[in-house]
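The values are calculated or read from the model by the stated rules, or taken from the named source; none is laboratory data. Quantities reported herein were computed from a predicted structural model and do not represent experimental measurements. As a convention, Cβ positions derive from the backbone with ideal geometry for all residues, glycine included, and neighbour counts pool all protein chains shown. Heavy atoms of the whole protein, side chains included, go into the accessibility calculation; ligands, DNA and RNA do not. Shrake-Rupley method; radii C 1.70, N 1.55, O 1.52, S 1.80 Å.
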Amino acid sequence: MNETILDYLIKALVLFTAVPVHECAHAWVAEKMGDDTGRKQGRITLNPFVHLTLWGSLMMILVGFGWGKPVMVDSRNFKNPKKGMVLTSLAGPASNFIMAFLSMIVYKVLAFLSFAKDSSTLDMLATVFVYITLINISLAVFNFLPIPPLDGSKIFNAILPEKWYFTIMKYENFIFIALIILVYSGLLDAPLSFLQDKVIDVMLFLTGWVDKIMSLLIAGGVI
């Protein structure tokens, strides 16, 4: 299969899985913290069509960075507004890190099986899960940027003085346009790549046990 087509197909797969999980996580944690706005709006679901937006989806397919329809949150319903907002904002990127971690485990298992059985099918499946892992890490890191309307900005704003927060929110639309320009210009590539590489190193370390188990199974002739 043409690599470009495969790349687009995998991005579409991630779009229809990672983004819904990301947005659903926001709504679910918000409800646990006391705000049921997301549930009332039907956002505690994995149905992708409830969460996707046209431009966010196109950006995901074209450049690998995208977004879903923001989950509405009313912080007045939180018992502890600042804590509730921080945890709700963290939930989205955290869900992507979890998906990346699980995908890396599957990738490693498939890669070892592919090597042991010399299977091109398993090798292709392993490649798919590499992409899924990397895109989920990219989404998580991207969303941690302290730039409105990304999740990182909500975490950052929760600790800002209120007057600063409202000043930033007044210019949110302009900041968002600037963010799109930065993404397309490639100016964010270097810092994002650096952060992504660090996360990958951590993921490789945390999944090192998979390497040991699969190596032992192959060496023992179990696989």
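Can you tell me, using C-alpha contacts under 8 Å and at least 6 residues apart, the relative contact order of the stretch 50-113 as a whole percent? Please report the intermediate quantities before stating the final value.
Details: 26 pairs, mean separation 11.2, N = 64.
Answer for the stretch 50-113 is 17 percent.
Counting Lys and Arg as +1 and Asp and Glu as -1, each charge on the Cβ, what is the dipole of the stretch 74-223 about the Cα centre in debye, to the nearest 20? Don't jump to the answer; show the numbers that get you there.
On the way: 11 positive and 10 negative charges, 124 e Å.
Here the size comes out at about 600 debye.
To test your reading of the geometry: what angle, between 0 and 90 degrees and rounded to tens, separates the Cα axis of helix 3-15 from the longest principal axis of the chain?
With rounding to tens, the tilt is 50 degrees.
Take the solvent-accessible surface of the protein heavy atoms, probe 1.4 Å, and return the percent of it on the chain that carbon and sulfur atoms account for. Spell out each step's value before the answer.
Working: 8590 of 12440 Å².
Summing carbon and sulfur atoms, their accessible area is 69 percent of the total for the chain.
Would you mind checking LYS83/LYS198; LYS40/LYS69; LYS108/LYS212; LYS11/LYS117; LYS11/LYS198; LYS32/LYS79 for any pair whose Cα atoms are more than 19 angstrom apart? Can you show the working numbers first?
Working: LYS83/LYS198 27 Å; LYS40/LYS69 15 Å; LYS108/LYS212 11 Å; LYS11/LYS117 28 Å; LYS11/LYS198 22 Å; LYS32/LYS79 10 Å.
Exceeds cut-off: LYS83/LYS198; LYS11/LYS117; LYS11/LYS198.
Under the classification rounded if a/c is under 1.5, otherwise prolate if a/b is larger than b/c and oblate if not, where does the stretch 30-116 fall, given a ≥ b ≥ c as square roots of the Cα gyration tensor eigenvalues? Display every interim value, and only then the final one.
Details: a/c = 2.75, a/b = 1.73, b/c = 1.59.
Because a/c hits 1.5 or more and a/b exceeds b/c, the stretch 30-116 counts as prolate.
Can you find, among GLY38, LEU206, VAL106, the residue farthest towards the positive end of the dipole of the chain? Put +1 on the C-beta of Lys and Arg, -1 on that of Asp and Glu.
GLY38
Among ILE155, ILE175, ILE200, which one shows the biggest mean-square fluctuation in a GNM of the chain, springs joining Cα atoms closer than 10 Å?
ILE175
So, for the stretch 7-61, what is the accessible surface per residue at a probe of 1.4 Å, expressed in square angstrom?
Values: 2590 Å² over 55 residues.
For the stretch 7-61, the solvent-accessible area averages 47 Å² per residue.
Ordering PHE144, PHE176 by accessible area with a probe of 1.4 Å, largest first, what comes out? The partial results should precede the final answer.
Details: PHE144 75, PHE176 55 Å².
Largest accessible area first, the list is PHE144, PHE176.
Please list the non-local residues whose amide H lies under 5 Å from the amide H of LEU52, H modeled 1.01 Å from N, same-chain partners needing a gap of 5 or more.
For LEU52, whose amide H was placed from the backbone, the distant partners under 5 Å are LYS69.
I need to check one value: relative contact order of the chain, counting alpha carbon pairs closer than 8 Å and at least 6 residues apart, in percent.
Values: 272 pairs, mean separation 41.8, N = 223.
Answer for the chain is 19 percent.
Mind putting a number on the dipole of the stretch 33-86 about its Cα centre? Charges go on the C-beta only, +1 for Lys and Arg and -1 for Asp and Glu, and I need it in Debye to the nearest 20.
Working: 8 positive and 3 negative charges, 44 e Å.
Its charge dipole is roughly 220 debye.
How much length is gained on full extension from PHE49 to VAL202, taking 0.36 nm per residue of separation minus their Cα-Cα distance?
Values: separation 153, 0.36 × 153 = 55.08 nm, distance 3.26 nm.
51.8 nm is the gain from fully extending PHE49 to VAL202.
Counting only helical runs of four or more DSSP H residues, what would the 222 nm mean residue ellipticity of the chain come to if each run contributes -39,500 (n - 2.57) and the total is spread over all its residues?
Working: 12 runs with 167 residues, N = 223.
Dividing the helical sum by the residues of the chain leaves -24000 deg cm²/dmol.
Considering the chain as a Gaussian network with a 10 Å cut-off on Cα pairs, which listed residue, ASP123, ASP201, ASP36, attains the greatest mean-square fluctuation?
ASP201
So I have (i) 84, 40, 28; (ii) 64, 38, 31; (iii) 53, 36, 33, and one of them is Cα extents along the principal axes in Å calculated from this model. Which one is it?
Matching the structure shown: (ii).
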